[in-house]
Amino acid sequence: DAMVIQNPRYQVTQFGKPVTLSCSQTLNHNVMYWYQQKSSQAPKLLFHYYDKDFNNEADTPDNFQSRRPNTSFCFLDIRSPGLGDAAMYLCATSSLPGQGPETQYFGPGTRLLVL
Amino acid sequence: KNEVEQSPQNLTAQEGEFITINCSYSVGISALHWLQQHPGGGIVSLFMLSSGKKKHGRLIATINIQEKHSSLHITASHPRDSAVYICAVATSGTYKYIFGTGTRLKVLA
């Protein structure tokens, strides 16, 4: 029944060592989002895909990249993680916009720890 | 000033109490969402509102578009309701969320 799946749930990496987080969805939604959430803060949108179109938020560091090889999967790559990148990373999806307001469906998140 | 403000930031209640969480926003919206996040967990969508009122179980959400204000009510609160409740708005013409800072609710048995 899981609709938005994130793997792994917990990820430990070393300072500067590239890491990839994955997200998959069974909802066939066109839009996929990646959020960063730090303790006691609201989620911060990093970027989103509308189909294959990549949309980067203006303040997302270049250290963060994303790939969406197909509708179901989306990856978040952190090229050189710093201590400040330790956070919960949330993936979300929504159906095709333009047909009215849409609900975003969130995955369980991946908690990243940088040593 | 944040575009989406929530109050209170923290709330502790006794089991069985009626709880109200408020959300005010300053932008034009296409919809307002109430979300629930348990400690260490993902986010669950509770309600999407464009107008009026919605009810699901013990949860009731209302919105007043003219006043740019929404409330989330929990009747007969239970310790399992302990979570962070987040108000998020989708602004007119976009589908991205603007999040409030959340209300941390703790319900004591």
Exercise. Restricting attention to the stretch B:27-60, which residues are surrounded by 13 or more Cβ atoms within 10 Å (Cβ to Cβ), in a loop (DSSP other than H, G, I, E, B) and of a type in the set (S, T, N, Q)?
Worked result: B:S50
Exercise. Of A:L112, A:L76, which residue is at pLDDT 95 or above, within 14 Å of another protein chain (Cβ to nearest Cβ) and within 29 Å of B:A83 (Cβ to Cβ)?
Worked result: A:L112
Seminar exercise, completed: Over the stretch B:68-96, the set of residues of a type outside the set (A, V, I, L, M, F, W, C), under 21 Å from B:G40 (Cβ atoms) and assigned to a strand (DSSP E or B) is B:Y85
Exercise. What tally of residues in the stretch A:1-37 results from selecting those that are surrounded by fewer than 17 Cβ atoms within 10 Å (Cβ to Cβ), outside any strand (DSSP E or B), of a type outside the set (S, T, N, Q) and out of contact with any helix residue (DSSP H, G or I) (no Cβ under 9 Å at 6 or more places or on another chain)?
Worked result: 9
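Select from the stretch A:40-73 the residues that are in a loop (DSSP other than H, G, I, E, B), within 12 Å of chain B (Cβ to nearest Cβ) and within 23 Å of A:G16 (Cα to Cα) and list them in ascending order.
Initial filter on the stretch A:40-73 (in a loop (DSSP other than H, G, I, E, B)): A:40-43, A:51-52, A:57-63, A:68-72.
Checking which are within 12 Å of chain B (Cβ to nearest Cβ) leaves us with A:40-43, A:57.
Once the filter is applied, which keeps residues that are in a loop (DSSP other than H, G, I, E, B), within 12 Å of chain B (Cβ to nearest Cβ) and within 23 Å of A:G16 (Cα to Cα), the stretch A:40-73 yields only A:E57.
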Problem set entry | Residue match in the stretch A:85-104 (condition: of a type in the set (S, T, Y), modelled with pLDDT of 95 or more and assigned to a loop (DSSP other than H, G, I, E, B)) | no
Exercise. In the stretch B:63-105, what count of residues is obtained for those that are more than 14 Å from chain A (Cβ to nearest Cβ), among the charged types (D, E, K, R) and closer than 13 Å to B:T12 by Cβ?
Worked result: 1
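Residue by residue through the stretch B:1-11, note down the ones that are assigned to a strand (DSSP E or B), out of contact with any Leu (no Cβ under 6 Å at 6 or more places or on another chain) and surrounded by 13 or more Cβ atoms within 10 Å (Cβ to Cβ).
Pass one, the stretch B:1-11, residues assigned to a strand (DSSP E or B): B:4-7, B:10-11.
Checking which are out of contact with any Leu (no Cβ under 6 Å at 6 or more places or on another chain) leaves us with B:4-7, B:10.
Listed by number, the residues that qualify are B:V4, B:E5, B:Q6, B:S7.
The values are calculated or read from the model by the stated rules, or taken from the named source; none is laboratory data. It should be emphasised that the depicted structure is a prediction, and the values quoted were computed from it without experimental measurement. Backbone-built Cβ (ideal geometry, glycine too); neighbour counts: all protein chains shown.
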